[in-house]
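Step one of this worksheet: look at the structure below.
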Amino acid sequence: MTAAEKRKIQRALNALRKQRVILKESLKRIEAILCRLPIGSRERFELLAVRDSIVEALRLNAIAIRNLKDATCSC
């Protein structure tokens, strides 16, 4: 692996880490809002769906970070 490729992977890792921070902040805000919404309301169901999407994005983000780290260590 060339030095340029390693720098490219490092930039991708940094972007994924920043994305992870943003997603976690969004998740915290959603959790705070969910506490104020009535159970069974349409808004609550929509926010729960958004929360599920963010949780899935965090899961995929972790996989991407792990895969990129593995790629840099195996070369």
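The magnitude of the dipole of the chain, with charges of +1 and -1 set on the Cβ of Lys/Arg and Asp/Glu and taken from the Cα centre, is near 340 debye. Helical runs (DSSP H, four residues minimum) scored at -39500 (n - 2.57) apiece and divided by the length of the chain put the mean residue ellipticity at 222 nm at -31000 deg cm²/dmol.
Based on protein heavy atoms only, the chain ends up with 74 Å² per residue of surface accessible to a 1.4 Å probe.
Counting Lys and Arg as +1 and Asp and Glu as -1 over every other residue whose Cβ lies under 13 Å from the Cβ of I30, the net charge comes to +1. Largest GNM mean-square fluctuation across S26, S41, S53, computed for the chain with C-alpha springs under 10 Å, falls on S41. Annotation for the chain: trypsin sites (Lys or Arg not before Pro) lying in DSSP loop with at most 10 further Cβ atoms inside 10 Å of their Cβ are R36. Between helix 42-73 and the chain there is an angle of about 10 degrees, using the helix long axis and the longest principal axis of the Cα atoms. Across the accessible surface of the chain, with the other protein chains kept in place and a 1.4 Å probe, carbon and sulfur atoms take up 60 percent.
Helix 3-34 and the longest principal axis of the Cα set of the chain meet at an angle near 10°. Relative contact order for the chain: 48 percent, from Cα pairs under 8 Å spaced at least 6 residues apart, divided by residue count. Considering only N61, V21, L37, the residue lying farthest towards the positive end of the dipole of the chain is V21, judged by Cα position with unit charges set on Cβ. For the chain, a Gaussian network of Cα nodes joined below 10 Å ranks I22, I39, I54 by mean-square fluctuation, and the top entry is I39.
Treating each Cα of the chain as one equal point scatterer and applying the Debye formula with no solvent, the log10 of I(q)/I(0) at q = 0.18, 0.23, 0.26 Å⁻¹ comes out as -0.73, -0.97, -1.11.
The values are calculated or read from the model by the stated rules, or taken from the named source; none is laboratory data. Since the structure is predicted, the reported quantities are computational estimates derived from the model, not experimental observations. All Cβ positions, glycine included, derive from the backbone under ideal geometry; neighbour counts span all protein chains shown. Calculation scope for accessible area: heavy atoms of the full protein, side chains included, ligands and nucleic acids excluded. Shrake-Rupley method; radii C 1.70, N 1.55, O 1.52, S 1.80 Å.
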